[in-house]
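Enquirer: Could you have a look at this structure, given as structure tokens, before my questions?
The values are calculated or read from the model by the stated rules, or taken from the named source; none is laboratory data. Everything numeric here is computed off the predicted structure, so don't read it as measured data. Note that each Cβ is placed from the backbone with ideal geometry, even for glycine, and that neighbours are counted across all protein chains shown. For the accessible areas, the whole protein counts, side chains as well, though only heavy atoms, and no ligand, DNA or RNA atoms are used. Shrake-Rupley method; radii C 1.70, N 1.55, O 1.52, S 1.80 Å.
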Amino acid sequence: MKPVGKPGKTGSLMAVEVALARLLEMADASKIREHERLPLAQVQGRVLAADLVSTLDLPPWPNSAMDGYALNLADWTGQPLVVSQKIFAGQAPEPLKPGTCARIFTGAPVPAGADCVEMQENAEVQADERVRFTETMNPGQNIRPQGQETTVGELILPVGTRLGAIEQGLAASLGCAELDVVRKVRVAVLSTGDELIEPGLALGPGQIYNSNRVLLCSWLQRLGCEVIDAGILPDDLATTRARLGELKDVDLILSTGGVSVGEADFLGIALREEGELTLWKLAIKPGKPLTFGHFRGVPVIGLPGNPASTLVTFALLARPYLLRRQGVKEVEPLKFQVPAGFVWPKAGNRREYLRGRLENGRAIIYGNQSSGVLRSAAWADGLVEVLEDRTLIEGDWVSFIPLSEVLS
Ligand code: AMP
Ligand code: MG
């Protein structure tokens, strides 16, 4: 096995982390400031615009973690105790009468004066209805103390938190019916290429169906973006210029195709003429060519057109950029180390993101890793990262990024 390639050392190619750092810097500089207040049920995938601070102790009072009996340990001499009250969840108890116990159920407030709850399995109800406890008991047992989860004034979710089912549940537990979220990022999606037609139409000579459009539109929706579907852009400078010019009121133009320095690179020409253009050659495979620029002040990211390249560069570069524009701090997907279940005999000068799966705790990869083969990603449940200048034998450690991490 060759040593791991040093980050940034990829010849004339730009390392993935360098490109990401630059994109994030630009995202930071154009952070979306507007926000809106939404009902809790509608915040899925959105980003919190203000700190969520607890206005409650949670739980608001000590409550029972068990179905059983609440008592004051000082009253327990080994003699059975009379049951003086029954407390269900949702009820307000009386203070515990000295020398007695209270029947109590899970979630019910522990009465003042009780310092312990014994579970019903360790209690025997006698013929006279008094209760005998069969095990040793300790103070505080089976009582969830007031404020065990949160206390008033505590920061629960900081601004910039991406909201999902768990955060929604947490906000609900604190009584929040609405949350302030960053307004949606407006993303215009453009597919470039004379060869593209939409599914549903008959294929003509030389044509292929546009797969990137629906892939990106649907992905962006899952990410909580407002999608402006700007259709297919023919490989023609005048149309490119005109179409870009129509997309004024958006936060990002996201295009696919036309970025390999071919003759049909009209996106690049239009950006150079009426904005700025940075062409990156990234040390990433699939997805080497990536364009970043502005057209009349609107940021543009041009992803390579091959569907697997679109997928990988969107997941690793455009998605973090979009999250950062909304103020999310941790934008890189979780990855973890797994042993390789394949061999990688030939080291490359680009970092490879192979479409792979976990099988018996090892990463295996799809047979055809061509950047044009989207089926590889449908088969996969993650991206297997093979670093630059690296060969692998079975059992070597590789990083695995679950697709579930990047798809939402
Ligand atoms: P380009 O970057 O325009 O040279 O495109 C690279 C490859 O990706 C070519 O084979 C294109 O036909 C293909 N391609 C570009 N855009 C799309 C798309 N939206 N859907 C499917 N394939 C595409
Ligand atoms: Mg093209």
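Enquirer: Check segment 359-379 and report whether any residue there is among the charged types (D, E, K, R), surrounded by fewer than 17 Cβ atoms within 10 Å (Cβ to Cβ) and in a strand (DSSP E or B).
Expert: Looking only at segment 359-379, we keep the residues that are among the charged types (D, E, K, R), and these are 359, 362, 375.
The next check asks that each one be surrounded by fewer than 17 Cβ atoms within 10 Å (Cβ to Cβ); those that pass are 359, 375.
So of that shortlist, the ones also in a strand (DSSP E or B) come out as 359.
Checking segment 359-379: at least one residue is among the charged types (D, E, K, R), surrounded by fewer than 17 Cβ atoms within 10 Å (Cβ to Cβ) and in a strand (DSSP E or B).
Enquirer: Please pick out the residue among LEU223, LEU215 that is touching a helix residue (DSSP H, G or I) at 6+ places or on another chain (Cβ under 8 Å), away from ligand 1 (no atom under 16 Å from the Cβ) and either closer than 20 Å to HIS294 by Cα or assigned by TED's automatic domain parsing to the domain that holds LEU303 (or both).
Expert: Numbers: LEU215 fails: away from ligand 1 (no atom under 16 Å from the Cβ).
Only one candidate qualifies: LEU223.
Enquirer: A further question follows. Just give me the residues in segment 105-161 being part of a strand (DSSP E or B), among the charged types (D, E, K, R) and open to solvent by 40 Å² or more (accessible area, probe 1.4 Å), in sequence order. Explain how you work it out, then say what you get.
Expert: Of segment 105-161, the ones part of a strand (DSSP E or B) are 109, 116-119, 123-125, 131-133, 143-144, 150, 155-157.
In the following step, the residues that additionally are among the charged types (D, E, K, R) were identified as 118, 124, 132, 144.
Selection gives GLU124, ARG132, ARG144.
Enquirer: Going through segment 162-173 one residue at a time, which ones are open to solvent by 10 Å² or more (accessible area, probe 1.4 Å) and in a loop (DSSP other than H, G, I, E, B)? Don't jump to the end; show me each part of the working.
Expert: In the first step, residues of segment 162-173 are kept if they are open to solvent by 10 Å² or more (accessible area, probe 1.4 Å); the result is 162, 164-170, 172-173.
The answer is GLY164, and nothing else.
Enquirer: If you go through segment 225-248, how many residues are over 32 Å from the mean Cα position of the chain (by Cα), surrounded by fewer than 18 Cβ atoms within 10 Å (Cβ to Cβ) and within 16 Å of ligand 2 (Cβ to nearest atom)?
Expert: The number of residues fulfilling the criteria is 4.
Enquirer: I'm trying to understand the selection: among the residues of segment 271-286, which are surrounded by fewer than 23 Cβ atoms within 10 Å (Cβ to Cβ) and closer than 14 Å to PRO304 by Cβ? It would help to see each step written out before you state the result.
Expert: Of the residues in segment 271-286, the ones surrounded by fewer than 23 Cβ atoms within 10 Å (Cβ to Cβ) are 272-281, 285.
Once the filter is applied, which keeps residues that are surrounded by fewer than 23 Cβ atoms within 10 Å (Cβ to Cβ) and closer than 14 Å to PRO304 by Cβ, segment 271-286 yields LEU279, TRP280, LYS281, LYS285.
Enquirer: Could you grab me the full set of residues in segment 283-337 that are closer than 16 Å to SER191 by Cα and either in a helix (DSSP H, G or I) or among the β-branched types (Val, Ile, Thr) (or both)?
Expert: THR291, VAL300, ILE301, PRO307, ALA308, SER309, THR310, LEU311, THR313, PHE314, ALA318, listed by residue number.
Enquirer: Taking segment 291-321 as the search range and keeping residues that are touching a residue at least 40 places away in the same chain (Cβ under 8 Å) and β-branched (Val, Ile, Thr), which one is farthest from ligand 2 (Cβ to nearest atom)? Please lay out each step first, then the result.
Expert: First, pick out the residues of segment 291-321 that are touching a residue at least 40 places away in the same chain (Cβ under 8 Å): 292, 295-296, 298-312, 314-321.
Imposing the further condition that a residue be β-branched (Val, Ile, Thr) reduces the set to 298, 300-301, 310, 312.
Details: VAL298: 21, VAL300: 16, ILE301: 16, THR310: 12, VAL312: 18 Å.
Among those residues, the one meeting the criterion is VAL298.
Enquirer: Right, here's the next one. Among the residues of segment 174-193, what is the count of those that are loosely packed, with under 15 Cβ neighbours inside 10 Å and on the phi < 0 side of the Ramachandran plot? Give the steps one after another, and end with the answer.
Expert: Of the residues in segment 174-193, the ones loosely packed, with under 15 Cβ neighbours inside 10 Å are 175, 177-178.
If we keep only those that are on the phi < 0 side of the Ramachandran plot too, we end up with 177-178.
Residues in segment 174-193 being loosely packed, with under 15 Cβ neighbours inside 10 Å and on the phi < 0 side of the Ramachandran plot: 2 in total.
Enquirer: Still on this structure, I have one more. So GLN207 fits all but one of (1) over 17 Å from ALA318 (Cα atoms); (2) of a type in the set (S, T, N, Q); (3) surrounded by 15 or more Cβ atoms within 10 Å (Cβ to Cβ); what number is the exception?
Expert: (3)
Enquirer: Yes or no: segment 322-336 includes at least one residue that is aliphatic (A, V, I, L, M) and without any contact (Cβ under 8 Å) to a residue 40 or more places away in the chain. Show your work before the answer.
Expert: Narrowing segment 322-336 to residues aliphatic (A, V, I, L, M): 322-323, 328, 331, 334.
This time we only want the ones that are without any contact (Cβ under 8 Å) to a residue 40 or more places away in the chain, so: none.
Checked segment 322-336: no residue is aliphatic (A, V, I, L, M) and without any contact (Cβ under 8 Å) to a residue 40 or more places away in the chain.
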